[in-house]
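This structure is in structure tokens; I'll ask about it shortly.
The values are calculated or read from the model by the stated rules, or taken from the named source; none is laboratory data. Worth saying up front: this structure is predicted, and the values here are computed from it rather than measured. Here Cβ is always computed from backbone atoms with ideal geometry, including for glycine, and neighbour counts include all displayed protein chains. Only protein heavy atoms, including side chains, enter the accessible area calculation; ligands, DNA and RNA are left aside. Shrake-Rupley method; radii C 1.70, N 1.55, O 1.52, S 1.80 Å.
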Amino acid sequence: MPRRKHHHVYVVELCKDVLLEPRFRKNNPNYIDGKPCVYVGMTGLDPDVRFDKHKAGIQSNSYVLHYGLRLLPDLYEGFNPMSYKDAVDKEIEIGIDLRSAGFGVWQA
């Protein structure tokens, strides 16, 4: 019996102050000034719950903990839910697409 599709990709808008982080800046050499900075992730939870956990410091990415502003559902809602493998692939694909559009992107 196939497993139910319950994984989600999600995108979090980050405050522009994240650009002051050398590691973030180094990983985004083609960032276009004025474009959003985002974190792209995947989870077996509802994206809202996962974002709340990030902000509470529970299994959090430090950029989301310190710079996370809000979820950007327009960038991911149409894909969810999906299988684990599809979520892994889609997370990578979204990151590549956003980077190629000049966004600052961080992925775990």
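Among the residues in segment 79-92, are any closer than 24 Å to P22 by Cα and either surrounded by 14 or more Cβ atoms within 10 Å (Cβ to Cβ) or out of contact with any strand residue (DSSP E or B) (no Cβ under 6 Å at 6 or more places or on another chain) (or both)?
Yes, that holds for at least one residue.
OK, next. Which one is farthest from A108 (Cα to Cα) among residues in segment 1-20 that are touching a strand residue (DSSP E or B) at 6+ places or on another chain (Cβ under 7 Å) and surrounded by fewer than 21 Cβ atoms within 10 Å (Cβ to Cβ)?
Our first condition is that a residue be touching a strand residue (DSSP E or B) at 6+ places or on another chain (Cβ under 7 Å); within segment 1-20, this holds for 5, 7-16, 18-19.
With the extra rule that they be surrounded by fewer than 21 Cβ atoms within 10 Å (Cβ to Cβ), the set shrinks to 5, 13, 15-16, 19.
Working: K5: 21, E13: 15, C15: 18, K16: 19, L19: 17 Å.
Within segment 1-20, the match that is farthest from A108 (Cα to Cα) is K5.
Does A108 satisfy the condition of being touching a residue at least 12 places away in the same chain (Cβ under 8 Å) and exposed (fewer than 14 other Cβ atoms within 10 Å of the Cβ)? Spell out how you get there, then give the answer.
Values: touching a residue at least 12 places away in the same chain (Cβ under 8 Å): yes; exposed (fewer than 14 other Cβ atoms within 10 Å of the Cβ): yes.
Judged against the criteria, A108 is a match.
Right, another one. Quick one: how many residues across segment 72-103 are under 12 Å from the mean Cα position of the chain (by Cα), closer than 22 Å to I32 by Cβ and not charged (D, E, K, R)?
The total comes to 9.
Moving to a separate point now. Can you tell which of D33, D46 is of a type in the set (D, E), more than 18 Å from D74 (Cβ to Cβ) and open to solvent by 10 Å² or more (accessible area, probe 1.4 Å)?
Numbers: D46 fails: more than 18 Å from D74 (Cβ to Cβ).
The match here is D33.
Taking segment 52-92, which residues are assigned to a helix (DSSP H, G or I) and of a type in the set (A, V, I, L, M, F, W, C)?
First pass over segment 52-92, keeping only residues assigned to a helix (DSSP H, G or I): 52-56, 62-67, 73-75, 77-79, 84-92.
Scanning segment 52-92 gives A56, V64, L65, L75, F79, A87, V88, I92.
For segment 21-30, which positions are surrounded by 15 or more Cβ atoms within 10 Å (Cβ to Cβ) and either outside any helix (DSSP H, G or I) or of a type in the set (S, T, N, Q) (or both)? Spell out the reasoning first.
Of the residues in segment 21-30, the ones surrounded by 15 or more Cβ atoms within 10 Å (Cβ to Cβ) are 21, 24, 28.
Correct list: E21, N28.
Suppose we filter V18, V9, V49 for residues that are in contact with a Phe, Trp or Tyr (Cβ under 7 Å, 6 or more places away or on another chain) and in a helix (DSSP H, G or I); which single one remains?
Working: V9 fails: in a helix (DSSP H, G or I); V49 fails: in contact with a Phe, Trp or Tyr (Cβ under 7 Å, 6 or more places away or on another chain).
Criteria check complete, one pass: V18.
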